[in-house]
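Take a look at the structure below.
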Amino acid sequence: MNWTDPAAIGYPALFGGVLLGSIIPIVPTGAVVGAAAAVATTTDHLSLPLVIVLATLGAYLGDVVTFGIPRLGSEAAFRWISRRQPAERLEKAREQFTRRGWQLIVVGRLVPAGRIPVLLAAAALGYPWRRLLPAALVACVLWATAYALLGIVSGGIFDSPLVATLLATVLVLLVTVLLNLIARWRRKAKEKTGDRV
């Protein structure tokens, strides 16, 4: 392997960063994808389709692991969750996963800080593997494409890979903050309407 070739470092760093960040949320995975897409748009060092494929695979494997660990010990996970939640709330959550599991998993992947709670709840409530795997794949494809688009936008604005990468990272962080604010606003609005009922 030629370690002077940026692709020899870039592809493993992209895949490994997304995989690690999807299991242990210490790596800003969206920023990693956006930066790689910006580099792919402004240089010949990375291929944009391969960036999207590797980001999708890293995210997918990470989500499967995140779901799989508590799912394999689902009785213990369910007991742990049930200690903190009333029985009627757990039953309501189970019904939601039965009716809208696909939607919850896709939206959970796209909304910042939504993925891990959704996957852990799905695992603890015994959501079936046969439904999780295709839903998670669709979610990861949409997620990787969305963050790559932010990198493409920054790469289209600036020819410099460094500036495009920095702009992609800032765009990803701004989108994340905006989505968090919208989610918080919706939660508060829901709580207010619940109080009135």
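The values are calculated or read from the model by the stated rules, or taken from the named source; none is laboratory data. All values reported here derive from a predicted model rather than from experimental measurement. For neighbour counting, all protein chains shown are included, and Cβ atoms are generated from backbone atoms with ideal geometry for every residue, glycine included.
Apart from one condition, VAL27 fits all of (1) under 21 Å from the mean Cα position of the chain (by Cα); (2) farther than 25 Å from LEU125 by Cα; (3) modelled with pLDDT of 85 or more; (4) not small (Gly, Ala, Ser); the exception is (3).
None of TYR147, TYR127 is closer than 14 Å to ALA37 by Cβ and at pLDDT 85 or above except TYR147.
Only one of the listed residues (LEU90, LEU72) is surrounded by fewer than 17 Cβ atoms within 10 Å (Cβ to Cβ) and modelled with pLDDT under 85. That residue is LEU72.
Out of all the residues in the range 33-52, which are touching a helix residue (DSSP H, G or I) at 6+ places or on another chain (Cβ under 8 Å), assigned to a helix (DSSP H, G or I) and not hydroxyl-bearing (Ser, Thr, Tyr)? Result: VAL33, GLY34, ALA35, ALA36, ALA37, ALA38, VAL39, ALA40, LEU48, LEU50, VAL51, ILE52. For GLY62, indicate whether it is surrounded by 22 or more Cβ atoms within 10 Å (Cβ to Cβ), touching a Ser or Thr at 6+ places or on another chain (Cβ under 6 Å) and at pLDDT 90 or above. For GLY62, the condition - surrounded by 22 or more Cβ atoms within 10 Å (Cβ to Cβ), touching a Ser or Thr at 6+ places or on another chain (Cβ under 6 Å) and at pLDDT 90 or above - is met.
Of the residues VAL177, VAL172, the single one that is under 17 Å from the mean Cα position of the chain (by Cα) and at pLDDT 65 or above is VAL177.
For the range 95-110, the candidate set comprises residues that are touching a Leu at 6+ places or on another chain (Cβ under 9 Å) and buried (at least 18 other Cβ atoms within 10 Å of the Cβ); within that set, the residue that is modelled with the lowest pLDDT is PHE97.
For the range 111-121, taking the residues that are closer than 15 Å to GLY62 by Cα and touching a residue at least 40 places away in the same chain (Cβ under 8 Å), the one that is surrounded by the most Cβ atoms within 10 Å (Cβ to Cβ) is identified as LEU119.
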